[in-house]
1. Do we have any residue at all in the stretch 241-263 that's within 16 Å of the ligand (Cβ to nearest atom) and loosely packed, with under 15 Cβ neighbours inside 10 Å?
2. Has the stretch 197-205 got any residue that is within 14 Å of the ligand (Cβ to nearest atom), at pLDDT 95 or above, closer than 20 Å to residue 229 by Cα and surrounded by fewer than 16 Cβ atoms within 10 Å (Cβ to Cβ)?
3. Mind checking which residues of the stretch 206-222 are over 17 Å from residue 108 (Cα atoms) and more than 7 Å from the ligand (Cβ to nearest atom)?
4. So in the stretch 34-71, with the set limited to residues that are within 12 Å of the ligand (Cβ to nearest atom) and within 17 Å of residue 162 (Cβ to Cβ), which one is surrounded by the fewest Cβ atoms within 10 Å (Cβ to Cβ)?
5. Quick one: would you say residue 280 is at pLDDT 95 or above, within 25 Å of the chain's Cα centre (by Cα), in a helix (DSSP H, G or I) and surrounded by 11 or more Cβ atoms within 10 Å (Cβ to Cβ)?
6. Could we say that residue 267 is more than 10 Å from the ligand (Cβ to nearest atom), without any contact (Cβ under 8 Å) to a residue 12 or more places away in the chain and farther than 15 Å from residue 129 by Cα here?
7. If a residue has to be more than 13 Å from the ligand (Cβ to nearest atom) and either crowded, with 16+ Cβ neighbours inside 10 Å or within 19 Å of residue 51 (Cβ to Cβ) (or both) to count, how many in the stretch 156-177 make the cut?
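The values are calculated or read from the model by the stated rules, or taken from the named source; none is laboratory data. No experiment lies behind these values; they were computed from the predicted model shown. Note: ideal-geometry Cβ built from the backbone for every residue, glycine included; neighbour counts use all protein chains shown.
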Ligand code: FAQ
């Protein structure tokens, strides 16, 4: 029976059909999805911190309203993603516990500080830009609930990316000090954004299997190259430079060549040694503890409702 279930699963993946929660799936497929979706969900809620840092200091009411909407969207993305993970049989409390005890990861990018207002623009342009490049193919992921969550998330990420670009454009066209602030933010966020796509293909432990299962549709390096190709003309339109002297159009490849990424830095950030790892996790744990009364009240309310319904 196991063999025919496996054959049905393989056939569904080969035919580009969606795997749904009640379908049989290999254990390793399930655990790979839980790992990736949980890491993605954790990234969304930890990713609220660097930008929320600027809400009280936004330079105008308009900018503040936009930034609040964006940070709220990220909380929503976290909820859709934790919901998608729940369809695989893993509870949110279990996933949050793994985040809080360092047993599950979140994206390396959120371990860098937001030092100036221009960082809000650079995050929107580069970090959300990288996120979209990575996530648009995930709308065709073989697991139905994850793929469907990605459709809405990508629409919202596009708005986030454009607000970042527009913010940077305003600064780049502003005073000399504003332009310098924008350039400094781009200088600091460029390389970490390239690391968001994960290790190079020949060091990517999960890529081959995830691509065979059609969870991933493109390799880490392919998507990274796509992102560089998109950003170079956009930087030019902004009048800002990307901090890589080796960026060069390669006629033969039809792509931009770029310089070497500091993978040692990436590994250090993953090990917990980035500039803000400790701060991000501490703040997350504190938020969870401070929210305990809300969870308790909701559980008490649900128990009361259930008791009333049973009468
Ligand atoms: N950071 O074998 P691979 C956002 C880990 S966007 C930390 O290549 P895989 C939006 C990887 O987990 C950011 N860890 O892994 C937003 C694995 O470790 P493990 C979130 C990383 O899964 C914007 C090991 O390295 N987006 O939040 C990173 O096949 C602004 C080996 O790597 C997603 O999560 C990294 N950068 O490919 C929010 C997208 N890269 O688990 C707020 C969905 C790799 O064995 C503000 N995820 N690792 O211990 C994916 O597409 C994939 O998981 C990849 C990695 C491409 C990230």
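1. yes
2. yes
3. 208, 209, 211, 212, 213, 214, 215, 217, 218, 219, 222
4. Of everything passing the filter in the stretch 34-71, 71 is surrounded by the fewest Cβ atoms within 10 Å (Cβ to Cβ).
5. Yes, satisfied.
6. no
7. 9
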